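*Asks:* The structure follows.
Only the coordinates and a few stated rules stand behind these numbers; no lab work does. Given the structure is predicted, the values throughout are model-derived calculations rather than measurements. Note: ideal-geometry Cβ built from the backbone for every residue, glycine included; neighbour counts use all protein chains shown.
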Amino acid sequence: MMSCPIDPKNIRPIIFLAGKCRMLDQRKLPAEEIWYEYDKYQEVAEAIRSMVVRGAPAIGVAAAIGAWFGARDIETESAEEFMAEFEQVCEQLAATRPTAVNLCWALERMKNFARANLDRSVLELKIGLEFEAMAITEEDERLCRTLGQKGAPLIADGARVLTHCNAGALATGGYGTALGVLRAAVEAGKAISVLADETRPFLQGARLTAWELQKDNIPVTLICDNMAGYLMSKGEIDCVIVGADRIAANGDVANKIGTYTVAVLAKEHGIPFYVAAPLSTIDLSLADGSQIPIEERDAREITHLGENQLAPEGVAVRNPAFDVTPARLVSAIITEAGVVQENYLQGLAGLFNQE
Ligand code: MRU
């Protein structure tokens, strides 16, 4: 455990340097800014599972670094044996959280690199995998900045923007997806203000979005999740922007629980509902959102607030961590490769063909 200075304009939840990585404990924010240092894949797997690090792109970055730690510790001279053990390392990292596809995307990229270089020595494979993990880490922030530029024109000067959960710098390699679009709008000179849903039960909005926007001097007002409808009916919200954990080929979007409710409310009030996500969040192998696995988390997140029990002992609890917003409720999907506003089936596939 250690402290580490945070640059408010360049918040990064993961620092990968000199064979180790540091992760900011997002469970403790905003009360404490605590960093952990890891150099074992099992530690990284536990950090993802326990949500020290969270947010789809950030857990992809973490998984890539964890995979390299695992690769580095494999003791064999045979590339085939190395690959078999590396697959097992990746399998354990992949099993940590099921919904965000970025996790599997990053691990697939690491495995594909290894598979394509099996004619090399194990030492060369390990060095190559370190570079691949570094590339995934650095690319993520760059892609967020590009995505921000593409999405910023959708945000009007003076807009009052609702967001749900945290799709900011903390949820990515840096800069953010939904909050990246808002940062880019601010950098373009627009005066915007943000309403942050508190995002029960893990409180990513209250703890993380409020913290990072405050640090970045972007005006933010915190509301409870059940206030969005009232504020929309009063004309106090101009648009909604959220991130995503997985987007199916038809444009259905899995994101933090409560996103679907906000999208239905936005439709009722004629308010645009935008989704910002990198291409690594789009899963063209799934025809629609019904096929996206939804993580169910511990009942204690609902029954307790910290150590304090709120609900009666033994009460039955449901705790799905994500929901699926049907594509028909989504006004635009903003990616680093462009913005798709209609006919998602063709539009999303088309983004990959441009690469
Ligand atoms: O459970 P979490 O905090 O990992 O959920 C995060 C979200 O739902 C985010 O909105 C999503 O991952 C996009 S982050 C750029």
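*Asks:* Give me T172, T221, T96, T137 sorted ascending by neighbouring Cβ count inside 10 Å, so fewest comes first.
*Replies:* Working: T172 32, T221 14, T96 20, T137 24.
Neighbour counts put them in this order, fewest first: T221, T96, T137, T172.
*Asks:* Can you sort V186, V317 by how many other beta carbons sit within 10 Å, fewest first? Display every interim value, and only then the final one.
*Replies:* On the way: V186 20, V317 15.
The order, fewest Cβ neighbours first, is V317, V186.
*Asks:* If you take every DSSP beta bridge fully contained in the chain, what fraction is antiparallel? Give it as a percent rounded to 5.
*Replies:* On the way: 22 of 40 bridges.
If we restrict to bridges inside the chain, about 55 percent are antiparallel.
*Asks:* Looking at the chain as a GNM with Cα springs under 10 Å, which of G189, G289, G168 has the largest mean-square fluctuation?
*Replies:* G189
*Asks:* To continue, here is another question. Count the lysine pairs in segment 12-154 whose Cα atoms lie under 17 Å apart, taking only pairs 8 or more positions apart in sequence or on different chains.
*Replies:* Details: K20/K40; K20/K126; K40/K126; K111/K126.
Summing the qualifying lysine pairs gives 4.
*Asks:* First obtain the Kirkwood hydrodynamic radius of segment 62-205 from its Cα pairs, then insert it into the Stokes-Einstein equation at 4 °C and 1.567 mPa s, and state the resulting D in µm² per second as a whole number. The partial results should precede the final answer.
*Replies:* Details: Rh = 17.1 Å.
Rounded, D is 76 µm²/s.
*Asks:* Now, a different point. If only Cα atoms are counted, what is the Rg of the chain, and what is its Dmax, in Å?
*Replies:* When restricted to the Cα atoms of the chain, Rg and Dmax are 19.9, 67 Å.
*Asks:* Here's another thing I want to ask about it. Can you give me the angle between helix 122-151 and the longest principal axis of the chain, using Cα atoms only, in degrees from 0 to 90, rounded to the nearest 10?
*Replies:* It is inclined by approximately 10 degrees.
*Asks:* Per the Cauchy relation, a quarter of the hull surface: what is the mean projected area of the convex hull of the alpha carbons in segment 181-245, in nm²?
*Replies:* Values: hull surface 19.2 nm².
With every direction weighted equally, the projected area is 4.8 nm².
*Asks:* Given Cβ point charges of +1 (Lys, Arg) and -1 (Asp, Glu) and nothing else, what value in debye, to the nearest 20, does the dipole of segment 197-287 about its Cα centre take?
*Replies:* Details: 7 positive and 11 negative charges, 20 e Å.
Dipole of segment 197-287, to the nearest 20 debye: 100 debye.
*Asks:* Return the aspartates and glutamates within reach of K190: Cα separation strictly under 18 angstrom, same-chain partners fewer than 8 residues apart disregarded; answer none if there are no such residues.
*Replies:* D157, D216, E236, D238
*Asks:* Nothing charged except the Cβ atoms of Lys and Arg (+1) and of Asp and Glu (-1): what's the magnitude of the dipole of segment 1-104 about its Cα centre? Round to the nearest 20 debye.
*Replies:* Numbers: 11 positive and 16 negative charges, 155 e Å.
Dipole magnitude for segment 1-104 comes out near 740 debye.
*Asks:* Now a separate question. Considering only C-alpha atoms, what is the centroid distance from segment 91-127 to segment 301-354, in Å?
*Replies:* 25 Å
*Asks:* For segment 209-355, what is the convex hull (Cα atoms) projected area averaged across all directions, in square nanometres? Write out the running numbers ahead of the final one.
*Replies:* Numbers: hull surface 43.8 nm².
The orientation-averaged projected area of the Cα hull of segment 209-355 comes to 11.0 nm².
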